[in-house]
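**Student:** Shown below is the structure under consideration.
The values are calculated or read from the model by the stated rules, or taken from the named source; none is laboratory data. Keep in mind the model is a prediction, meaning the values are calculated, not measured. When we count neighbours, we look across all protein chains shown, and the Cβ atoms used for this are built from the backbone with ideal geometry, even at glycine. Quick note on the areas: whole protein, heavy atoms, side chains included, nothing else; ligands and nucleic acids left out. Shrake-Rupley method; radii C 1.70, N 1.55, O 1.52, S 1.80 Å.
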Amino acid sequence: MLCLGVILANGAHQQEMRKFALASFRDFGVGKASIDDMMQAEGDSFCDYLEEVARSSSGIVSDLKKKTQLISANIIHSIIFGSR
């Protein structure tokens, strides 16, 4: 059996994969208002960070990779533990 995943599959296999993926995402809380609020708060925090860097004398973002990793970690931590 050839496994094409969710995107490339079609027919009954695609429907089965789609149902599984949606159920898994729902189990993790995706689509719930609380998760959306957490993600919005992290997005606002990131925008504040970028504005702060832009106002600084250099205006150069040197640790953007680290900051985006921290944002992802904060969202996951908020989902699992309930705090940022």
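**Student:** Could you compute how much accessible surface Asp48 exposes when probed at 1.4 Å, giving the result in Å² to the nearest 10?
**Tutor:** 90 Å²
**Student:** Moving to a separate point now. Taking 0.36 nm per intervening residue step and subtracting the Cα-Cα distance, what contour gain separates Leu22 from Ser83 on full extension?
**Tutor:** So the chain would gain 19.4 nm between Leu22 and Ser83.
**Student:** Where does the charge balance sit around Ser78 when Lys and Arg score +1, Asp and Glu -1, over other residues with C-beta under 10 Å from its C-beta?
**Tutor:** -1
**Student:** Can you figure out the FRET efficiency of Lys65 with Ser45, using R₀ = 25 Å and their beta-carbon distance, to the nearest 0.05?
**Tutor:** 0.95
**Student:** For every other residue with a beta carbon closer than 12 angstrom to the beta carbon of Val53, add +1 if it is Lys or Arg and -1 if Asp or Glu, then tell me the sum.
**Tutor:** Result for the neighbourhood of Val53: -2.
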